[in-house]
Amino acid sequence: MAALFRGSRNIWLRWNKHADFSFVSLRSMASKTPVGFIGLGNMGSPMATNLLKNGYPVIATDVFPESCKELQDIGAQVVDSPADVADRADRIITMLPSSPNVIEVYTGPNGILKKVKKGTLLIDSSTIDPAVSREMAKAAEKMGAVFMDAPVSGGVGAASLAKLTFMVGGLEEEYEAAQELLTCMGANVVYCGQVGTGQAAKICNNMLLAIGMIGTAETMNLGIRLGLDPKLLTKILNMSSGRCWSSDKYNPVPGVMEGVPSSNNYQGGFGTTLMAKDLGLAQNTATNTKTPIPLGSLAHQIYRVMSSRGYANKDFSSIFQFLREEEGQ
């Protein structure tokens, strides 16, 4: 199987030894070829919306039917199961919460691989164990399909603005075919290597993100207790060596920045439970590779405790609120 790419977002043709192919107008093919999308949560819904905005018919499904309504209202076709999506589309993107969800959606009784067509390109943007990505790639290959892992960084805001970063693992000759779709949803698409390497990059990124957010929250809390205005402290940090994404773009202190979860009672964004899950993946891979991650392990413990104390569905930046409550005990 091979992939041919002509021009950014314009056209791609994929074939195997049984297929016929011919060239058609550059934009018309894209506008007529449906893309399947499975998983319409906080991230998946705006990602699928951006595919629609770029002229791709979207065939979608979600385990929660109510999640499909908004996308259906703007033109997506909604079906009942992942198998139904695979029956109607030969390019499918999945965006799911965890490894068990991915296994079920791909290999379950109503999963993608029950009706997948030969030559289908499967792109999984979930954050899961790299070993599960490799397992799904092998299962897809047996059915004549191609699986790539393409987890994302950037959060809900970047998903809405099509400014996500995609970290892609899989067959290099299929990368450009995947890139055509991913550039509709993101500003950066990076090829990392074989299947599973995208997940490896994402796990490393999120471990650092968690450590940085905890450090930012601790720093802001200490500064406030020392009498500093939080906006002033943020300004100083962001023109000094302590500057990081958590202080500059996603400050955890309510009222310091607009348009971030901390200024909306920590609603939306990236949930504490999901961060704990990703840190668990980092912990598992670190154990398997005998890699010391003392701060990563501590961050994992902190977010697990938060999840058990009422913060599970709040954005992970609620670590600031958690620390403030802890000091009152």
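The values are calculated or read from the model by the stated rules, or taken from the named source; none is laboratory data. The model shown is predicted, which means the values in this text are computed figures rather than measured ones. Every residue, glycine among them, receives a Cβ derived from its backbone with ideal geometry; neighbour counts consider all protein chains shown. Accessible surface is based on the protein model in full, side chains and every heavy atom, while ligands, DNA and RNA are left aside. Shrake-Rupley method; radii C 1.70, N 1.55, O 1.52, S 1.80 Å.
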Margin query: So for segment 188-196 (the condition being on the phi > 0 side of the Ramachandran plot and more than 19 Å from the chain's Cα centre (by Cα)), does at least one residue qualify?
Written below: no
Residue count, segment 157-178, condition within 29 Å of Val260 (Cα to Cα), in contact with a strand residue (DSSP E or B) (Cβ under 9 Å, 6 or more places away or on another chain) and touching a residue at least 24 places away in the same chain (Cβ under 8 Å), comes to 9
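To keep it simple, each residue is scored yes or no on (1) modelled with pLDDT of 95 or more; (2) in the same structural domain as Tyr250 (by the TED database); (3) open to solvent by less than 50 Å² (accessible area, probe 1.4 Å).
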residue: Phe166; (1), (2), (3): yes, no, yes
residue: Gly169; (1), (2), (3): yes, no, yes
residue: Glu176; (1), (2), (3): no, no, no
residue: Asn206; (1), (2), (3): yes, yes, yes
residue: Met213; (1), (2), (3): yes, yes, yes
residue: Arg225; (1), (2), (3): yes, yes, no
Yes or no: Gly119 over 16 Å from the mean Cα position of the chain (by Cα), open to solvent by less than 70 Å² (accessible area, probe 1.4 Å) and over 23 Å from Ala158 (Cα atoms)?
yes
The residue that is most open to solvent (accessible area, probe 1.4 Å), considering only those in segment 101-113 that are assigned to a helix (DSSP H, G or I) and more than 11 Å from Gly39 (Cβ to Cβ), is Glu104
Given the conditions (1) open to solvent by 50 Å² or more (accessible area, probe 1.4 Å); (2) within 27 Å of Gly296 (Cβ to Cβ); (3) in a helix (DSSP H, G or I); (4) not aliphatic (A, V, I, L, M), every one holds for Lys202 apart from (1)
Any hit, segment 88-100, residues being closer than 23 Å to Ala145 by Cα, part of a helix (DSSP H, G or I) and open to solvent by less than 30 Å² (accessible area, probe 1.4 Å):
yes
Residue hits (segment 254-304; open to solvent by less than 30 Å² (accessible area, probe 1.4 Å), within 16 Å of Val156 (Cα to Cα) and not in a helix (DSSP H, G or I)) are Val260, Tyr266, Gly269, Gly271
